[in-house]
Amino acid sequence: MMIEANELTFAYGGRPPAVNGLTFSVAEGEVFGFLGPSGAGKSTTQKILIRLLRRYRGDVRIMTRALKDWGPDYFERVGVCFEMPSNYRKLTAIENLRFFSSFFRSPTLAPEEVLEWVGLRPDANKRVEQFSKGMQTRLNLARSLINRPALLFLDEPTSGLDPVNARIVRDLIRRERDRGTTVFLTTHDMHVADELCDNVGFLVDGRLARVGAPSALRLEHSNRLLELRTEFGGVVSSDRFSLDGLATDARFQQLIRDRRIESIHSLEPSLEDIFIQTTGQRLS
């Protein structure tokens, strides 16, 4: 396993625990998503895993080694992309990447190559103070990849991006997974989680309500219905049928025989529907 957490607990000062008894694991080469509303404990968990918060209780192992036993070499193996951009605004994009590359003992990628990945190669020599928030977010992502990390932490990776650039980021995350990178992302965006994650954890009030693969969760909560849209005489109508006994349903057989089929869809719930059913809360 790349990440193993057992009874992970953390509290700020004298407050109730921000994360409370979290037990989960993330396999090597997996995209794992922590889903939950603001204040659920997602960012706190991530800060523990990237060693920004130290006084936690429980056991955490990264790459089979206790997190507390890692030293500076830990950051040779991981990449981190925070939700809020944190680049040097007076430097150009390529100067930022060259500067951060200098922190690593091991060889890093060419800054020009990583800027190409995130669609910023034409802006390599532009000062970051001239960048939009979306451009800064993509530069943050480029910075997190410069050392070819084995474990990549992403916090709301598509926040503030337009649809085209959000697609670039999602495609890049898939490519990193395909080359064997483990990705731990936190988000409240169900579409991102559904499209990218091999497994998700529903986090509410510092506790894990459920962990599972999005496809398996949808099937588990499915009401086993099918919607059939057909056209006859210029009129489009919609009918619903149970998947059980569909092959012998006379009405279904008649419609697909006598009418033009416009669409057929099974009606699985969305991840957001399942989250609400499981936790009683919404993600926004």
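The values are calculated or read from the model by the stated rules, or taken from the named source; none is laboratory data. None of the values given here were measured: they were computed from a predicted structure. For neighbour counting, all protein chains shown are included, and Cβ atoms are generated from backbone atoms with ideal geometry for every residue, glycine included. Note: areas computed on protein heavy atoms with side chains; ligands, DNA, RNA excluded. Shrake-Rupley method; radii C 1.70, N 1.55, O 1.52, S 1.80 Å.
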- With the calculation restricted to Cα positions, what are the radius of gyration and Dmax of segment 1-59 in angstrom? 11.4, 37
- With every protein chain in place, the chain: carbon and sulfur % of accessible area (1.4 Å): 48 percent
- Item | Rounded if a/c under 1.5, otherwise prolate or oblate - segment 30-101, Cα gyration tensor axes | oblate
- Please state, to two decimals, what the Cα-based radius of gyration of segment 56-186 comes to when divided by 2.2 N^0.38 Å (N = residues). 1.06
- Message: Students often get this wrong, so check it: of K42/K68; K47/K133; K68/K133, which have C-alpha atoms separated by over 24 Å?
- Response: K68/K133
- Would you mind checking which residues have amide H under 5 Å from E83's amide H? H placed 1.01 Å from N; only 5 or more apart, or other chain. D155
- segment 1-129 -> Rg/Rh from Cα coords, Kirkwood Rh, value 1.03
- Task: Give, rounded to the nearest 20 debye, the magnitude of the charge dipole that segment 14-95 has about its Cα centre when Lys and Arg contribute +1 at Cβ and Asp and Glu contribute -1 at Cβ.
- Result: 460 debye
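If you filter segment 70-146 for trypsin sites (Lys or Arg not before Pro), then keep DSSP loop positions with at most 10 other Cβ within 10 Å, what is left? Please list the in-between numbers first.
Details: sites: R77, R89, K90, R98, R105, K126, R127, K133, R138, R143; in loops: R89, K90, R105, K126.
Counting only loop positions with at most 10 other Cβ atoms within 10 Å, the trypsin sites (Lys or Arg not before Pro) in segment 70-146 are K90, R105.
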- Debye sum, Cα scatterers, segment 128-284, no solvent: what log₁₀ I/I(0) at q = 0.10, 0.17 1/Å? -0.56, -1.02
- Item | Alpha carbon convex hull of segment 179-254, volume per residue in cubic angstrom | 180 Å³
- For L228, what is the net charge nearby, where nearby means another residue's Cβ is under 15 Å from its Cβ and Lys, Arg count +1, Asp, Glu -1? +1
- Note on the structure: Restricting to lysines and to Cα separations under 20 Å from K126, and discarding same-chain partners fewer than 8 apart, the set is K90
- Label zone at F75, where the point sits 7 Å out along the Cα-to-Cβ direction: segment 105-142 residues whose backbone N lies under 12 Å: 105
- Message: Quick check for me: using +1 on Lys/Arg Cβ and -1 on Asp/Glu Cβ, what's the dipole size of the chain about its Cα centre, in debye to the nearest 20?
- Response: 960 debye
- With a 1.4 Å probe and every protein chain left in place, work out the accessible area per residue of segment 52-193 in Å², rounded to a whole number. 48 Å²
- Under 14 Å from the Cβ of D273, count the other residues' Cβ atoms, weight Lys and Arg +1, Asp and Glu -1, and hand me the total. -1
- Message: Restricting to Cα atoms and excluding each atom paired with itself, what does the Kirkwood estimate give for the chain in Å?
- Response: 21.1 Å
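Excluding G180 itself, calculate the net charge of residues whose Cβ lies under 15 Å from the Cβ of G180, where each Lys or Arg counts +1 and each Asp or Glu counts -1.
+1
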